[in-house]
1. Among the residues of the range B:61-74, are any within 8 Å of another protein chain (Cβ to nearest Cβ), part of a loop (DSSP other than H, G, I, E, B) and crowded, with 18+ Cβ neighbours inside 10 Å?
2. Taking the conditions exactly as written (within 14 Å of chain B (Cβ to nearest Cβ), hydrophobic (A, V, I, L, M, F, W, C) and either at negative phi or within 20 Å of the chain's Cα centre (by Cα) (or both)), does A:Val330 satisfy them or not?
3. Would you confirm, using the coordinates I've provided, whether A:Arg213 is at pLDDT below 95, more than 30 Å from B:Asp134 (Cβ to Cβ) and basic (Lys, Arg)?
4. Test A:Pro344 against the criterion of being of a type outside the set (Gly, Ala, Ser), surrounded by fewer than 24 Cβ atoms within 10 Å (Cβ to Cβ), assigned to a helix (DSSP H, G or I) and on the phi < 0 side of the Ramachandran plot, and give yes or no.
5. If you check every pair at least six apart or on different chains, which have Cβ atoms under 6 Å apart with a residue in the range B:213-231 that is under 21 Å from B:Glu8 (Cβ atoms) first and a residue that is surrounded by 15 or more Cβ atoms within 10 Å (Cβ to Cβ) and polar (S, T, N, Q) second?
6. So the check is Cβ under 6 Å with 6+ separation or different chains; which pairs have a first residue in the range B:118-139 that's within 7 Å of another protein chain (Cβ to nearest Cβ) and without any contact (Cβ under 8 Å) to a residue 12 or more places away in the chain and a second one that's part of a loop (DSSP other than H, G, I, E, B) and buried (at least 20 other Cβ atoms within 10 Å of the Cβ)?
7. B:Arg148 is checked against (1) of a type in the set (D, E, K, R); (2) surrounded by fewer than 20 Cβ atoms within 10 Å (Cβ to Cβ); (3) at the interface with chain A (Cβ under 10 Å from one of its Cβ atoms) and fails just one. What number does that condition carry?
8. Somewhere in the range B:20-38, is a residue closer than 30 Å to A:Lys20 by Cβ and in a loop (DSSP other than H, G, I, E, B)?
Amino acid sequence: MVNQKKTACGVNYDQYIYRKILTIVILVILTFLTALFAITAGSADIPVTEVLKALFGLGAAKNVLVTVNIRLPRILMAIVGGIGLAAAGCVMQSILKNPLASASTLGISQGASFGAAIAITFLGGGTVMGNTADAVTVNNPYLTSICAFITSMFVTFVILGLSKARKASPETMILAGVALSSLFAGATALLQYFSSDVQMAAIVFWTFGDLGRASMQNIQVAAIVTAGALIYFMFNRWNYNALECGEHTATGLGVNVSRVRLIGMTVASLTAATIVSFVGIINFIGLIAPHIMRRFVGNDYRYLLPASALMGALMLLISDTFARLIISPVILPIGAITSFLGAPLFLYLIFKGVSHNAEN
Amino acid sequence: MLKIDALEFGYRSNRKILDRIEFDVANGECVAILGNNGAGKSTMLKCLNKIIAPQKGRVVVNEVDILRMTRLDIAKNTAYVAQKSEGSQITAYDAILLGRKPYIKLAPKKEDYEIVETIIASMGLEQLSLRYIDELSGGELQKVMIARALAQEPKVLLLDEPTSCLDLKNQLEVLKLIQNITKEKEIAVVIVIHDLNLALRYCDRFLFLKDSEIFCYGGLDIMTSENIGAVYQVPVVVESYQNQKVVIPLT
């Protein structure tokens, strides 16, 4: 329920708020429609009515298998992963006062890659089943995910530890992230250099990112972490708004800036690390989705957070559907597609621009 | 009533930035903090609402030491306007609504919106209310930040060089606004300011900081060429023009 607010100059505050809410509602509808299209589209030619039946476990066993076991987990992971990565990116950009902040720029993705590479090289996590790209597989996904998660969280804690020692300034966090990102990228390259062809193929395959590798249990874990993070972020939306006016102003408004920054970073990194460890590297969503929505709803985190999260889900869903359909039955790597589709859109928005004026 | 008692602050080294700072500000009174660059004026202001925690001393607002309060409670007692506010894509209305943050639990109540709109109307900010603050001029932004501070319903208002980036017209407008607010709302106001003539025109008392300590504190009687010359190391004369003291540098 929005309060009926009208400023003395006759401009309706309600109307301004409704526009932001309408943007969020449109994103919900678009995400739902895209999910509906995604579940009906694929190399297996299943009519829409059969897909809907299959969702309830009815109809031919093959249809149920394709719809419920293959397409549905991908779609759910795209929605959960997109929401998590975009919300985490949005908060990182706020608390680090840096428009380039995301899981990738802070070394979390590179940390995860290194963990996965360790699992594949030393712990027998990967192998090749044949000669095609599809035959490369990570044969122990749990082990790989756990290693990826541990190393990405290690990166997070090193950044937080260094920042705590330096009073958690955004510059320290960003610089520590850049340094660790470079360190782990180098370490992964060294592991690849000394690994066998099979292992190297598996490492590269893992870093491509693939929504299809997440099991329903993985999705449940990611959903719980993402939901918890979103609740925490929304609870802190006024703190993020206060930070928009500067650190000292925020402190003067009663915000414990260091605490908001450290806990926010931990929760955002945990969310990103969980998703990345299940599906591999997915670039750009955490960076671009919040930026796109800033152009539509401004920097008011009451609306920017849910709008960014939904935009992340929509972008990942569209990218995955595109990756599945464009040269079906081959599925293109999702990380490449998110960058491929996201970058031109982002450039268009930067140069063409959407009106910044809240009054328009 | 704001009372500062034996306030001390220093960074890592032993050198003190602030030493034995003691003064008081009555409700409805505006005190100008004056002194050279690096004298500790802005640091002192930040110590007064614990943006920087002082090592010693007390900051008493209506008989309560606010340095012992939680950050949220401090924000309900003192409001701070930074020297340079950062622009962002949030509307002036929402920026002023942020002043209600210390009082907001989950979402703003009807009362919060009413307070914000009363301030917008009283300060004549209606035309700006739905514009993003990064599109406002320096003077407009400063007024919005003062409005945001007033939305906190503070007992003490701390302003760090609120006119430093403004043209003459906006300097006069903003300081007149602050003067009116001080009297109307009976708030104790502490303002860091460089322009001695603006301070003379709009402030009630004056505090000179020199070498980390208070050099002198008082009313118009301390605004002498000797005191000003000693603090700034610049020869000046203090003349009277239309019953108003003015400081004229001699170099």
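The values are calculated or read from the model by the stated rules, or taken from the named source; none is laboratory data. Given the structure is predicted, the values throughout are model-derived calculations rather than measurements. Cβ sites come from the backbone with ideal geometry, for glycine too, and all protein chains shown count toward neighbours.
1. Looking through the range B:61-74, none of the residues is within 8 Å of another protein chain (Cβ to nearest Cβ), part of a loop (DSSP other than H, G, I, E, B) and crowded, with 18+ Cβ neighbours inside 10 Å.
2. Details: within 14 Å of chain B (Cβ to nearest Cβ): no; hydrophobic (A, V, I, L, M, F, W, C): yes; either at negative phi or within 20 Å of the chain's Cα centre (by Cα) (or both): yes.
It is false that A:Val330 is within 14 Å of chain B (Cβ to nearest Cβ), hydrophobic (A, V, I, L, M, F, W, C) and either at negative phi or within 20 Å of the chain's Cα centre (by Cα) (or both).
3. Details: at pLDDT below 95: yes; more than 30 Å from B:Asp134 (Cβ to Cβ): yes; basic (Lys, Arg): yes.
Against the criterion (at pLDDT below 95, more than 30 Å from B:Asp134 (Cβ to Cβ) and basic (Lys, Arg)), A:Arg213 qualifies.
4. Details: of a type outside the set (Gly, Ala, Ser): yes; surrounded by fewer than 24 Cβ atoms within 10 Å (Cβ to Cβ): yes; assigned to a helix (DSSP H, G or I): yes; on the phi < 0 side of the Ramachandran plot: yes.
Judged against the criteria, A:Pro344 is a match.
5. B:Cys216/B:Asn227
6. Every condition considered, the pairs that remain are B:Glu126/A:Thr7.
7. (2)
8. First pass over the range B:20-38, keeping only residues closer than 30 Å to A:Lys20 by Cβ: none.
Scanning the range B:20-38 turns up no residue that is closer than 30 Å to A:Lys20 by Cβ and in a loop (DSSP other than H, G, I, E, B).
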